[in-house]
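Note sheet for the following structure.
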Amino acid sequence: PWRRLLKVLSRKVITICVSGLSRKLYTSIGFANEHLTVIANGIEENRYNSLLKLPFNSFGTTSPMHIGCIARLSTEKGIDVLIDAIAASTNVRCSILGNGRELHVLQQQVLHWKERGKNLDIIFLDHTKDIVEFYRSIDILVLPSIRHDPFGLVAAEAMLAGRPVILTNMCGIAEYLHSGEDGIIVDSKSVSALNSSNTPIRPLW
């Protein structure tokens, strides 16, 4: 009933979507395409001045690459895929910032890999007092969404901070980026694609 009501109401207004991906979702449930428009999310630069061009962390054969992920801990965010990709990697560590109903499941997944002999260095953080310090601490931000993620604002923040980003094609922001230039875009749900994408990392500034 609520979908039918929304479709009726949609004929009376213009619905703003933050990406073409979201627009496709609305049309798939019956919204009239001519009543939809796309305006991308943006970042108020003055509000995030402290993020601009953070010093790039150096990493090499002896120091692990520090992966950061900021996401709600729910199935559509694909954190489980990220954990499996890290388990198939070497010399990396990961900080996952977020909370949600899947926390225990994800912690058990990490434990499962450790019991199989994988030395996973993954920590879960439910909050941070200073988001700038979080971005400063990481080498790269990964957003591994496996289902429709309307935009992915944290990827834009990371780019503003000068941090490379890896994200999936289920993130709305992906359509505004050129893979290999602005970031690296991989197929969703693919552990191998996510794992192999972490090699050509460079500072954006």
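The values are calculated or read from the model by the stated rules, or taken from the named source; none is laboratory data. Note that this is a predicted model, so its numbers are computed, not measured. Please note: Cβ atoms are built from the backbone with ideal geometry, for glycine as well, and neighbour counts cover all protein chains shown. These area figures cover heavy atoms from the full protein model, side chains too; ligands, DNA and RNA do not enter into them. Shrake-Rupley method; radii C 1.70, N 1.55, O 1.52, S 1.80 Å.
Summary of values
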{"quantity": "Student exercise, segment 125-201 dipole from Lys, Arg, Asp, Glu Cβ charges, in Debye to nearest 20", "calculated": "140"}
{"quantity": "Residues whose placed amide H lies under 5 Å from that of L143, excluding near-sequence neighbours", "calculated": "I166, L167, T168"}
{"quantity": "Segments 128-140, 101-113 sorted - mean Cβ within 10 Å per residue, highest first", "calculated": "128-140, 101-113"}
{"quantity": "Cα centre as origin, Lys/Arg/Asp/Glu Cβ charges: segment 60-102 dipole, Debye", "calculated": "140"}
{"quantity": "Accessible area per residue, Å², the chain with all protein chains present, probe 1.4 Å", "calculated": "55"}
{"quantity": "Helix-only [θ]222 nm of the chain, DSSP H runs n ≥ 4, -39500 (n - 2.57) each, per residue, nearest 500", "calculated": "-8500 deg cm²/dmol"}
{"quantity": "Cα gyration tensor category, rounded, prolate or oblate, for the chain with a/c compared to 1.5", "calculated": "prolate"}
{"quantity": "Eligible lysines near K189 by straight Cα distance, threshold 26 Å, same-chain separation 8 or greater", "calculated": "K24, K77, K114, K118"}
{"quantity": "For segment 1-106: relative contact order, % (alpha-carbon pairs under 8 angstrom, 6 or more apart)", "calculated": "22"}
{"quantity": "Protection proxy ranking, peptides 175-182, 70-77, average beta carbon neighbours within 10 Å, highest first", "calculated": "70-77, 175-182"}
{"quantity": "Length-normalised contact order of the chain in % [C-alpha pairs under 8 Å, at least 6 apart]", "calculated": "22"}
{"quantity": "Prolate/oblate/rounded call for segment 32-150, Cα gyration tensor, a/c under 1.5 rounded", "calculated": "oblate"}
{"quantity": "Dipole magnitude (debye, nearest 20) for segment 68-165, charges at Cβ of Lys, Arg, Asp, Glu", "calculated": "100"}
